[in-house]
1. Condition test on ILE227, is it among the aliphatic types (A, V, I, L, M) and either closer than 13 Å to GLY6 by Cβ or free of Cβ contacts under 8 Å to residues at least 24 places away in the same chain (or both)?
2. Counting only residues that are of a type in the set (D, E, K, R) and either open to solvent by less than 60 Å² (accessible area, probe 1.4 Å) or within 25 Å of ILE89 (Cβ to Cβ) (or both), give me the strands (runs of 3 or more DSSP E) lying completely in segment 174-260 with at least 2 of them.
3. Take segment 223-242 and flag every residue that is aromatic (Phe, Trp, Tyr) and in contact with a strand residue (DSSP E or B) (Cβ under 7 Å, 6 or more places away or on another chain).
Amino acid sequence: MCRLLGYFGSGIQLDRLLYKPEHSLIVQSYQPREMTSGVVNADGFGLGWYHQTRETEPFIYKNTLPIWSDINLPHLSRYVESGCILGSIRSATAGQAVDLSNCPPFGWGQLLGVHNGFIEKFRSAVGREMRDRLTHATEARIGGTTDSEYIIALVMDNYHTSGNLTEAVHTTLTTLTELANTHQVRIAANLILSDGNQLVASRFATTAPAPSLYWLRDDPTFPSAIIIASEPLFAADWHSFPENTISTVGANLDIHIQNL
């Protein structure tokens, strides 16, 4: 189980999310509170962010080191400012390689996505069927071997069809439900995705309980912003997302939660 983070709102330095909160992603990497499998998140990490003023593709920084041991990140995180940030610390599924191609975030063009969860029997059965459902262009972009990248690839394909990110996530989760029923497996898919102008998140599992996911809006520490996280970063009025829901945060910072 990985730990996720999404931020959308007024521009901030990355270190305000990564280092300063008492239960930041750094702390969650070695002392998570709500993981249902695994003990630490030491199999790499990734960050994605969008430029404050220019329309350009997002920036990504990844490392296979545990996030706590990256000596460059403290300096980078004080330099980079953004109003739209995604982060993930990784706890690799047994048998999956710890390399850059398997580190989130994943995405192409304007889209970025991170995933927390798993697909049972992904390598032996479900993954092949997922690959068959992808367009050739999307399949060719896949560089790693994780279920996370394949799930986000499905979202990307559905987005290019519909042009609506929330709808693309809904279609993808519907597909995952069908695959889970066909192969009699459990799938969990907490997702956070962005195109730079919104966040779309899901808390989802075909069999309860789904992995934890929370949101916080307009906290005095982070005014004019929404934070989505696997675990609360600090003591505040965090709200747990209902299970099997999709949530969309737009430019006005209103959060719309819909049931699957």
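1. yes
2. The strands (runs of 3 or more DSSP E) meeting that bar are 214-219.
3. Of everything in segment 223-242, those that are aromatic (Phe, Trp, Tyr) and in contact with a strand residue (DSSP E or B) (Cβ under 7 Å, 6 or more places away or on another chain) turn out to be TRP238, PHE241.
A quick yes/no check of all residues on (1) among the hydrophobic types (A, V, I, L, M, F, W, C); (2) under 16 Å from HIS115 (Cα atoms); (3) out of contact with any helix residue (DSSP H, G or I) (no Cβ under 8 Å at 6 or more places or on another chain); (4) modelled with pLDDT of 95 or more:
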residue: SER24; (1), (2), (3), (4): no, no, no, yes
residue: PRO74; (1), (2), (3), (4): no, no, no, yes
residue: TYR79; (1), (2), (3), (4): no, no, yes, yes
residue: ALA92; (1), (2), (3), (4): yes, yes, no, no
residue: GLN96; (1), (2), (3), (4): no, yes, no, no
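Yes or no, residue by residue, for (1) open to solvent by 70 Å² or more (accessible area, probe 1.4 Å); (2) assigned to a loop (DSSP other than H, G, I, E, B); (3) of a type in the set (Gly, Ala, Ser):
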residue: GLY109; (1), (2), (3): no, yes, yes
residue: GLY113; (1), (2), (3): no, no, yes
residue: PHE118; (1), (2), (3): no, no, no
residue: VAL126; (1), (2), (3): no, no, no
residue: THR138; (1), (2), (3): no, no, no
residue: ILE151; (1), (2), (3): no, no, no
residue: LEU154; (1), (2), (3): no, no, no
residue: ASN158; (1), (2), (3): no, no, no
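Let's see how each residue does on (1) within 20 Å of PHE222 (Cα to Cα); (2) under 19 Å from the mean Cα position of the chain (by Cα):
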residue: LEU18; (1), (2): yes, yes
residue: SER29; (1), (2): no, yes
residue: GLY46; (1), (2): no, yes
residue: PRO66; (1), (2): no, yes
residue: TYR79; (1), (2): yes, no
residue: GLY109; (1), (2): no, yes
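The values are calculated or read from the model by the stated rules, or taken from the named source; none is laboratory data. Please read these numbers as outputs of a predicted model, since none were measured by experiment. Ideal geometry is used to build each Cβ from the backbone, glycine not excepted, and the neighbour counts take in all protein chains shown. For accessibility, only protein heavy atoms count, side chains too; no ligands or nucleic acids. Shrake-Rupley method; radii C 1.70, N 1.55, O 1.52, S 1.80 Å.
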